[in-house]
Amino acid sequence: MPEPSTPPPFSDRPIRFGTRRSPLAMAQAHETRARLCAAHGWDEAAIELVPVQASGDKIRDRPLADIGGKALWTRELDQMLGDGTIDAAVHSLKDVETIRPPELTITAVLAREDRADRLLGARSLAALPPGAVVGTSAPRRAAQLLNARPDCNVVNFRGNVATRMAKLAAGDVDATFLAAAGLIRLGEDAVGVRLDPEDWFPAPAQAAIGIECRTDDAAMRALLAAIDHAPSHAEVCAERALLAGLGGSCHSPIAALTDWDGEALVLRAAIYSSDGEVRIAGETRLTPGHDEPPRALARELLERAPALVAGSFSGPA
């Protein structure tokens, strides 16, 4: 083993990374540990993974929006960071609330995986049978589906990737959606049909792994900077600035896609009525790190939206 380029910060214990204990969350934590150890020349024993069962994993029979929203994915990890039980937390950034406590900072974002959704159960949206029962707990996916196929019936469908695939196989629904990134990270690369993100925008921050630590922990922030992928971080910040401008909740159907045009970002976004009948879309161009263009896009979308759509959003945070 080569000599470490940067020694681990603690001589008496490993660095502790908190993570949800679902299979996908653990896969993301393993990837993060491997990347940080490779960046600094450490043995993987330098980082301990600390799994926790999040509140959102304990309650699976109700939509997330009805039981506390995205905070249910981060509550336990936030507490552990606050009391020093862990040094950093590994998150799926699409599941992290837009407004975070000032004492915590998303320091690093790994290179994004495929941002697309995949359709399971049919070869395309058009191939779904008339009146198909489609399972999803995501308002975005439900609204997008109903916008394209208003004849479909959407039912609540929660659980981890394996649970949802098992429910589909058992015939509980005709079809469902999963994030391509999650399937890839779990080694299920061949599952489902990829929906082109140009036509079916993903969720803001989809496919991005973020590592959060205490804002005042300068040493940890410096170590994590070694695995920060600046282009992915810039995309996520733009999409989260859009969310902040919209004031969306887990009830709010929001879709967004960010692409690069030279050194500039082009952010496209759409908001929907819950039944998918109304779609309001727009785009903006911005320099990485500038939050005002995404917030201006949010204002424009809300100004153009009818009351039944705008009512799902609280406006700028």
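Just so you know, all these numbers are worked out from the coordinates, no wet-lab data involved. Computed from a predicted structure; not experimentally measured. All Cβ positions, glycine included, derive from the backbone under ideal geometry; neighbour counts span all protein chains shown.
Just need log10 I(q)/I(0) for segment 183-232 at q = 0.16, 0.21, 0.29, 0.30 Å⁻¹, Debye formula, equal scatterers on the alpha-carbon atoms, no solvent, rounded to two decimals.
With one equal scatterer per Cα and no solvent, log10 I(q)/I(0) is -0.71, -0.91, -1.18, -1.20.
May I ask for log10 I(q)/I(0) of segment 181-317 at q = 0.14, 0.15, 0.21 Å⁻¹, from a Debye sum over the Cα atoms as equal point scatterers with solvent left out?
-0.73, -0.82, -1.26
Quick one: what do you get for the chain if you divide its Cα Rg by 2.2 N^0.38 Å?
Working: Rg = 19.7 Å, N = 317, 2.2 N^0.38 = 19.6 Å.
The chain yields a ratio of 1.00.
Amide H neighbours of Ala132 under 5 Å, at least 5 residues apart or on other chains, H built in the peptide plane: list them.
Correct list: Asn153.
What residue among Leu183, Val133, Leu119 has its Cα farthest toward the positive end of the dipole of segment 117-194, where the charges are +1 on Lys, Arg and -1 on Asp, Glu, each on the Cβ?
Leu183
Relative contact order for the chain using alpha-carbon pairs under 8 Å, separation at least 6, rounded to a whole percent? Spell out each step's value before the answer.
Working: 639 pairs, mean separation 62.2, N = 317.
Over the chain, the number comes to 20 percent.
For helix 292-304, what angle does its Cα long axis make with the longest principal axis of the chain, in degrees from 0 to 90 and rounded to 10?
Once rounded, one gets 20 degrees.
With everything on Cα atoms, drop me the angle between helix 139-148 and the longest principal axis of the chain, reported from 0 to 90° to the nearest 10.
With rounding to tens, the tilt is 40 degrees.
For segment 117-194, what relative contact order do you get, as a whole percent, if you take Cα pairs closer than 8 Å and at least 6 residues apart?
Details: 108 pairs, mean separation 36.8, N = 78.
Answer for segment 117-194 is 47 percent.
Which whole-number percent gives the relative contact order of segment 239-310, counting Cα pairs below 8 Å spaced six or more residues apart? Show your work: numbers first, answer last.
On the way: 111 pairs, mean separation 23.0, N = 72.
Worked out over segment 239-310, it gives 32 percent.
Evaluate the Debye formula for segment 117-194 with equal point scatterers sitting on the alpha carbons, no solvent, and hand back log10 of I(q)/I(0) at q = 0.11, 0.14, 0.21, 0.23 Å⁻¹, in q order, two decimals.
With no solvent term, the Cα-only Debye profile gives -0.24, -0.39, -0.91, -1.09.
Under a 5 Å amide H to amide H cut-off, with H placed in plane at 1.01 Å, what residues pair with Arg16 once short-range neighbours are removed?
Glu48, Asp87, Ala88
Taking the alpha carbon gyration tensor of segment 153-244, what are the square roots of 5 times its eigenvalues, largest first, to the nearest whole Å? All intermediate terms of the calculation are to be shown ahead of the outcome.
Values: eigenvalues 207, 52, 35 Å².
With the √(5λ) rule applied to segment 153-244, the semi-axes are 32, 16, 13 Å.
With runs of 4+ DSSP H residues as the only contributors, calculate the mean residue ellipticity of the chain at 222 nm using -39,500 (n - 2.57) per run, divided by the residue total and rounded to the nearest 500. Don't jump to the answer; show the numbers that get you there.
Numbers: 10 runs with 100 residues, N = 317.
After summing the helix terms and dividing by the residues of the chain, the value is -9500 deg cm²/dmol.
What angle do you read, to the nearest 10 degrees and between 0 and 90, between the alpha-carbon axis of helix 71-82 and the longest principal axis of the chain?
Helix 71-82 sits at roughly 10 degrees to that axis.
Normalised radius of gyration for segment 239-310, please: alpha carbon Rg relative to 2.2 N^0.38 Å, two decimal places. List each step's numbers first, then the result.
Details: Rg = 12.0 Å, N = 72, 2.2 N^0.38 = 11.2 Å.
Relative to the 2.2 N^0.38 Å estimate, segment 239-310 comes out at 1.07.
At 7 Å along the Cα-to-beta-carbon direction for both Ala230 and Thr287, put a label point, then send me their distance in nm to one decimal.
Label at Ala230, label at Thr287, 1.4 nm between them.
Can you give the charge dipole size of segment 117-194 about its Cα centre, rounded to the nearest 20 debye, using +1 on the beta carbon of Lys and Arg and -1 on the beta carbon of Asp and Glu? All intermediate terms of the calculation are to be shown ahead of the outcome.
Numbers: 10 positive and 6 negative charges, 37 e Å.
It comes to approximately 180 debye.
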